[in-house]
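The values are calculated or read from the model by the stated rules, or taken from the named source; none is laboratory data. These figures come from a predicted structure and were not determined experimentally. Reconstructed Cβ throughout: ideal geometry from the backbone, glycine too, with neighbour counts over all protein chains shown.
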Amino acid sequence: GAVVSQHPSRVICKSGTSVKIECRSLDFQATTMFWYRQFPKKSLMLMATSNEGSKATYEQGVEKDKFLINHASLTLSTLTVTSAHPEDSSFYICSAETSGRSYEQYFGPGTRLTVT
Amino acid sequence: SQQGEEDPQALSIQEGENATMNCSYKTSINNLQWYRQNSGRGLVHLILIRSNEREKHSGRLRVTLDTSKKSSSLLITASRAADTASYFCATQGGSSNTGKLIFGQGTTLQVKP
């Protein structure tokens with residue numbers, strides 16, 4: 001149990017376009033999901049905390065207008081990278097927290113974004 | 001912000017040897033977790049140790065936590081080539097009591113067959 005999926009696993013897009021990444025909890029309800037960004041050979045950097053039905057909480061330095069997060073249901077959160085630039089190329093990973101057990105998070109397999 | 005510092009940044013050992021990785025953090029925590037990441041993949045949860053625990057075991061893994069020094073260590077015994085991966089510590093909780101994880105910089109482990 002406790003599987004989190006991400007779609008797509010890889011995406012290549014051109015500068016200026018927008019890309020949407022989906023994060024789904026497949027067999028549990030997630031009131032909270034987290035979005036991370038990881039540069040090559042680096043650690044995970046928390047971008048934002050996404051709560052179902054409310055606005056996401058962004059970490060300092062993360063542009064909320066560039067990285068749009070929507071958590072419309074208890075099993076789905078989406079991250080949209082708007083007007084993508086090559087510097088947005090990165091590995092994006094989501095995690096989902098089980099309701100009522102905040103210490104358990106389950107990570108998705110990640111999405112590799114390449115902006116050309 | 002990243003609050004975890006891990007050392008070493010890279011570790012190369014022979015199969016069968018033990019591997020020890022260390023993690024330090026700066027703020028108070030509710031728990032500390034260790035994760036493993038194979039290249040280009042997602043994270044796999046290894047073990048969680050709560051702030052009131054000092055040591056925990058899981059198979060070939062042993063984790064210690066010293067809250068007075070704000071540090072933790074992960075020991076992998078009798079390493080295997082399949083243990084080659086990056087290992088991250090992550091802290092959770094503290095005064096804000098949120099579920100978000102703050103990750104350390106990671107240790108890249110190479111186990112040579």
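Numbers below:
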item	result
Top-ranked residue in region A:13-44 [being among the β-branched types (Val, Ile, Thr) and farther than 22 Å from B:Asn38 by Cβ; ranked as surrounded by the most Cβ atoms within 10 Å (Cβ to Cβ)]	A:Thr32
Subset tally (residues that are assigned to a loop (DSSP other than H, G, I, E, B) and touching a residue at least 24 places away in the same chain (Cβ under 8 Å)) for region B:1-41	17
Sole residue being within 14 Å of another protein chain (Cβ to nearest Cβ) and β-branched (Val, Ile, Thr), chosen from B:Thr77, B:Thr108	B:Thr108
Sole exception among (1) assigned to a strand (DSSP E or B); (2) within 14 Å of chain A (Cβ to nearest Cβ) for B:Arg62, by number	(2)
One residue from B:Ile29, B:Ile47 being β-branched (Val, Ile, Thr) and more than 12 Å from the chain's Cα centre (by Cα)	B:Ile29
Evaluation of B:Arg41 against (1) closer than 28 Å to A:Val3 by Cα; (2) away from chain A (no Cβ under 14 Å); (3) of a type in the set (Lys, Arg) (one fails), failing number	(2)
Condition check for B:Lys112: surrounded by fewer than 21 Cβ atoms within 10 Å (Cβ to Cβ) and under 13 Å from B:Leu32 (Cβ atoms)	no
Residues that are modelled with pLDDT under 90 and of a type in the set (Ser, Thr, Tyr), drawn from region B:1-27	B:Ser1, B:Thr27
Which listed residue is surrounded by fewer than 16 Cβ atoms within 10 Å (Cβ to Cβ), under 21 Å from A:Gln38 (Cβ atoms) and of a type in the set (Lys, Arg), from B:Arg41, B:Arg54	B:Arg41
Listing of strands (runs of 3 or more DSSP E) fully contained in region A:52-116 that carry 1 or more residues being within 10 Å of chain B (Cβ to nearest Cβ) and touching a residue at least 60 places away in the same chain (Cβ under 8 Å)	A:90-98, A:105-107, A:111-115
Residues located in region B:65-96, provided they are assigned to a loop (DSSP other than H, G, I, E, B), surrounded by fewer than 14 Cβ atoms within 10 Å (Cβ to Cβ) and of a type in the set (Gly, Ala, Ser)	B:Ser68, B:Ala78, B:Ser95, B:Ser96
Verdict on A:Cys23 being in a strand (DSSP E or B) and either within 30 Å of B:Asp7 (Cβ to Cβ) or charged (D, E, K, R) (or both)	no
